[in-house]
Amino acid sequence: MTAPLRLEVKNLSTTLLQRDGALPLVRGVSFELHAGQTLALVGESGSGKSLTALSLMRLLARNARWQCSGEALFTDAAGHSHDLLQLSPTRMRQLRGNQIAMIFQEPMTCLNPVLPVGEQIAESVRLHLGLNTTAARAQALRALEQVEIPAARQRLDEYPHQLSGGMRQRVMIAMAMVCEPRVLIADEPTTALDVTIQAQILALMSRLQKDTGMSMLFITHNLGVVAHHAERVAVMYAGQVVEQAGVSELFARPAHPYTQGLLACLPGRARQLARQTGQAVALQDIPGQAPAMDRLGPGCSFADRCSASLPQCSLQPPPRQGTSAHHRSCHLATQP
Ligand SMILES: Nc1ncnc2c1ncn2[C@@H]1O[C@H](COP(=O)(O)OP(=O)(O)O)[C@@H](O)[C@H]1O
Ligand code: SF4
Ligand SMILES: [Mg+2]
């Protein structure tokens with residue numbers, strides 16, 4: 001039986017409104033996230049992964065004008081469904097950090113440099129769970145212990161700059177987890193860390209997920225992480241999801257030429273390691289460059305780089321083919 005839906009994103013589009021016109025950067029992204037499930041969002045830099053996450057969290061950069069459309073239906077603990085894109089700012093603030101939380105690649109951009117980390121975690125607890133100062137501090141300590149920070153009690157009163165990169169990322173996770181969110185969005189949470197610390201943080205996140213049953217949208221460049229930590233994968237290219245499948249299915253039978261290219265770039269041994277051990281395997285560039293988002297034509301945005309390209313590819317948008325379990329957007333009638 002399929003686990004209940006926690007987040008259903010339908011046709012999400014995010015457009016940057018500029019003086020000289022509108023620039024669509026996320027273009028009709030759809031996916032489902034079920035209870036306890038991890039969905040990996042992968043794709044080259046600039047493919048719209050972070051903008052997808054920020055659109056859902058309603059945290060798009062304030063120094064620009066944006067337009068979001070589509071639906072992002074989040075099911076809360078009481079079973080009520082809310083469209084995150086339509087909620088009032090006040091209602092969104094109540095959900096964010098409480099029932100739906102996000103971890104960023106670079107913790108220093110989110111931690112307040114002039115506030116001890118314990119206070120920052122406690123603030124979230126006071127705000128969302130209504131605990132008093134003493135109880136909130138005790139909860140913050142438990143959260144730091146849960147993320148296995150060495151000398152947790154001492155860390156409560158330390159400032160972010162006094163901690164190592166790995167410890168700061170643990171603090172971010174503690175902050176995100178302290179209210180036990182139903183959905184966690186992790187945007188390349190370990191990319192900035194060295195390999196040993198990365199493995200520790202990923203193991204920690206897996207354990208916390210098992211303990212709490214939360215769902216995760218995991219944005220990553222690392223195909224090893226995808227293979228080992230996710231159940232499903234959505235592959236993004238130029239603001240669109242071009243293929244979506246279960247992890248072993250995607251590794252065994254990639255159906256979109258872009259996904260095939262990504263996997264073909266991996267040396268056989270690395271690919272095997274990625275599947276079996278989750279060892280770090282970076283997403284490699286395939287020949288050519290991603291298209292400029294302000295110069296996209298009507299057809300498939302991968303056409304310039306695709307060796308299987310047909311005459312209609314650059315003229316018409318590729319149709320979605322396949323099943324809800326495994327689908328791709330492509331003009332090819334059969335798999336190349
Ligand atoms: N604040 C912003 N202002 C203008 N363009 C942006 C902004 N944030 C992202 N973009 C553009 O949107 C596209 C997608 O970015 P992003 O979602 O950050 O990619 P990814 O996370 O996949 O690397 C890129 O072309 C990027 O330059
Ligand atoms: S639609 Fe055409 S250009 Fe695009 S991936 Fe498929 S075959 Fe290649
Ligand atoms: Mg990003």
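List of remarks:
- Between 0 and 90 degrees, the angle of helix 165-177 with respect to the longest Cα principal axis of the chain falls at about 90 degrees.
- Taking all Cα pairs closer than 8 Å and separated by 6 or more residues, the relative contact order of the chain comes to 19 percent.
- Charge context of GLN67, other residues only, Cβ under 15 angstrom, K/R +1, D/E -1: +4
- With contributions of -39500 (n - 2.57) from each DSSP H run of at least four residues, the per-residue ellipticity at 222 nm computed over the chain stands at -9500 deg cm²/dmol.
- Distance between the C-alpha centres of the range 186-226 and the range 11-44: 21 Å, rounded to the whole angstrom.
- Folded to 0 to 90 degrees: helix 268-277 orientation relative to the chain principal axis, Cα: 40 degrees
- Sites matching trypsin sites (Lys or Arg not before Pro) across the range 13-99 that sit in DSSP coil, with at most 12 neighbouring C-beta atoms within 10 Å: ARG19, ARG62
- For the range 145-275: relative contact order, % (alpha-carbon pairs under 8 angstrom, 6 or more apart): 18 percent
Coordinate-derived values only; no laboratory data. Quantities reported herein were computed from a predicted structural model and do not represent experimental measurements. Positions of Cβ are generated from backbone atoms using ideal geometry, with glycine treated the same way; all protein chains shown enter the neighbour counts.
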